[in-house]
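A short write-up of the structure that comes next.
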Amino acid sequence: MMIKETPLKDCYIIEPNVFEDGRGYFYEKFNEQKFEQLTGMNGHFVQDNISKSSYGVLRGLHLQKGNYAQAKLVSCIEGKVLDVAVDLREDSPTFGKSFTIELTGENKLQLYVPRGFGHGFSVLSKTAVFSYKCDNFYNKDSEGGVLWNDTELNIDWQIPLEDIILSDKDSIQPAFSLKNF
């Protein structure tokens, strides 16, 4: 496993060692000991989630607040997504900055999104299966978020506006300037 730093503090790209032959492939998706050694971050996860979405679906920007804040290790198992992380930690040197990366079933890259970050993704392929490992349990009362098309964040989701499919919740998240996270 290789760990690469992103421009955002404490946010990492994880690239597994993939072993392929005529039968297919094998790779170690995650190793807690290696992750902690290479990043100094806690890599203990307690909940796994999977979502399947079609082209144009945009999920985000979400986070869990307070005692239910979550770090996430995300990957795309099948298809292609544009994954987005936004540092919402007001005491961070990268506060308000975002990072985007294409995660695909082919490249097998993962993104570690620390606690205090907003997270979202848009589906760039016909369908995509997306995996989230979380280091804390979900709590509905601790949900937070930022509007996906906030002008201050100015994120390019790489999907034409007319093709974007949002949930009702995602269409009414607060603006970044309100700091409701």
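Might you check whether a residue that is surrounded by 13 or more Cβ atoms within 10 Å (Cβ to Cβ) and either touching a helix residue (DSSP H, G or I) at 6+ places or on another chain (Cβ under 6 Å) or modelled with pLDDT under 95 (or both) occurs anywhere in segment 67-84? Break it down into steps so the answer makes sense when it comes.
First pass over segment 67-84, keeping only residues surrounded by 13 or more Cβ atoms within 10 Å (Cβ to Cβ): 68-84.
Narrowing the set further to residues that are either touching a helix residue (DSSP H, G or I) at 6+ places or on another chain (Cβ under 6 Å) or modelled with pLDDT under 95 (or both) leaves 68.
Yes - at least one qualifying residue is present in segment 67-84.
So residue 145 passes all but one of these: (1) touching a Phe, Trp or Tyr at 6+ places or on another chain (Cβ under 9 Å); (2) of a type outside the set (S, T, N, Q); (3) under 27 Å from residue 17 (Cα atoms). Which condition number does it fail?
Single failed check for residue 145: (3).
Within segment 150-169, count every residue that is within 17 Å of residue 124 (Cβ to Cβ) and of a type outside the set (Val, Ile, Thr). Spell out how you get there, then give the answer.
First, pick out the residues of segment 150-169 that are within 17 Å of residue 124 (Cβ to Cβ): 155-166.
Subsequent filtering for residues that are of a type outside the set (Val, Ile, Thr) retains 156-158, 160-163, 166.
Here the count works out to 8.
Tell me, which residue of segment 41-68 that is part of a loop (DSSP other than H, G, I, E, B) and in contact with a Lys or Arg (Cβ under 7 Å, 6 or more places away or on another chain) is farthest from residue 133 (Cα to Cα)?
Our first condition is that a residue be part of a loop (DSSP other than H, G, I, E, B); within segment 41-68, this holds for 41-46, 55-56, 65.
If we keep only those that are in contact with a Lys or Arg (Cβ under 7 Å, 6 or more places away or on another chain) as well, we get 45, 55.
Working: 45: 6, 55: 23 Å.
Residue satisfying both the conditions and the ranking: 55.
Please work out if residue 129 is at pLDDT 95 or above, closer than 28 Å to residue 29 by Cα and crowded, with 19+ Cβ neighbours inside 10 Å. Break it down into steps so the answer makes sense when it comes.
Working: at pLDDT 95 or above: yes; closer than 28 Å to residue 29 by Cα: yes; crowded, with 19+ Cβ neighbours inside 10 Å: no.
Judged against the criteria, residue 129 is not a match.
Within segment 36-50, can one find any residue that is surrounded by 14 or more Cβ atoms within 10 Å (Cβ to Cβ), at pLDDT below 95 and over 25 Å from residue 143 (Cβ atoms)?
Within segment 36-50 (the criterion being surrounded by 14 or more Cβ atoms within 10 Å (Cβ to Cβ), at pLDDT below 95 and over 25 Å from residue 143 (Cβ atoms)), the answer is yes, since at least one residue qualifies.
Kindly indicate whether any position in segment 107-124 is charged (D, E, K, R) and surrounded by fewer than 14 Cβ atoms within 10 Å (Cβ to Cβ). Break it down stepwise before answering.
At the first step, the residues of segment 107-124 found to be charged (D, E, K, R) are 108, 115.
Pick out the ones that are also surrounded by fewer than 14 Cβ atoms within 10 Å (Cβ to Cβ) and you get none.
Checked segment 107-124: no residue is charged (D, E, K, R) and surrounded by fewer than 14 Cβ atoms within 10 Å (Cβ to Cβ).
Could you list, in sequence order, the residues of segment 11-31 that are closer than 22 Å to residue 111 by Cβ, charged (D, E, K, R) and not in a strand (DSSP E or B)?
Residues satisfying the conditions are 28, 29.
If you check residue 91 against the conditions, is it surrounded by fewer than 16 Cβ atoms within 10 Å (Cβ to Cβ), in a strand (DSSP E or B) and acidic (Asp, Glu)? Before the answer, list the steps.
On the way: surrounded by fewer than 16 Cβ atoms within 10 Å (Cβ to Cβ): yes; in a strand (DSSP E or B): no; acidic (Asp, Glu): yes.
Taking the combined requirement at face value, the residue does not satisfy it.
Residues being touching a residue at least 40 places away in the same chain (Cβ under 8 Å), farther than 23 Å from residue 52 by Cβ and either small (Gly, Ala, Ser) or assigned to a strand (DSSP E or B) (or both): count how many of those fall in segment 123-181.
Summing the residues that are touching a residue at least 40 places away in the same chain (Cβ under 8 Å), farther than 23 Å from residue 52 by Cβ and either small (Gly, Ala, Ser) or assigned to a strand (DSSP E or B) (or both) in segment 123-181 gives 2.
Could you tell me which numbered condition residue 100 fails, if it satisfies all but one of (1) over 14 Å from the mean Cα position of the chain (by Cα); (2) among the polar types (S, T, N, Q); (3) not in a loop (DSSP other than H, G, I, E, B)?
Of the numbered conditions (1) over 14 Å from the mean Cα position of the chain (by Cα); (2) among the polar types (S, T, N, Q); (3) not in a loop (DSSP other than H, G, I, E, B), the odd one out for residue 100 is (1).
For residues that are small (Gly, Ala, Ser) and part of a strand (DSSP E or B), scanning just segment 69-88, find the one that is farthest from residue 11 (Cα to Cα). Give the derivation first.
Start the filter on segment 69-88 by keeping residues that are small (Gly, Ala, Ser), which leaves 69, 71, 75, 79, 85.
Applying the additional criterion that residues be part of a strand (DSSP E or B) yields 75, 85.
Details: 75: 14, 85: 8 Å.
Selected residue: 75.
Looking at 55, 12, which is the one that is under 26 Å from residue 172 (Cα atoms) and not polar (S, T, N, Q)? Quick ask: steps written out before the conclusion?
On the way: 12 fails: under 26 Å from residue 172 (Cα atoms).
After applying the criteria, what remains is 55.
The values are calculated or read from the model by the stated rules, or taken from the named source; none is laboratory data. What you are looking at is a predicted structure, and each value in this text was computed from that prediction instead of being measured. Using ideal geometry, Cβ is built from the backbone for each residue, glycine included, and neighbour counts are taken over all protein chains shown.
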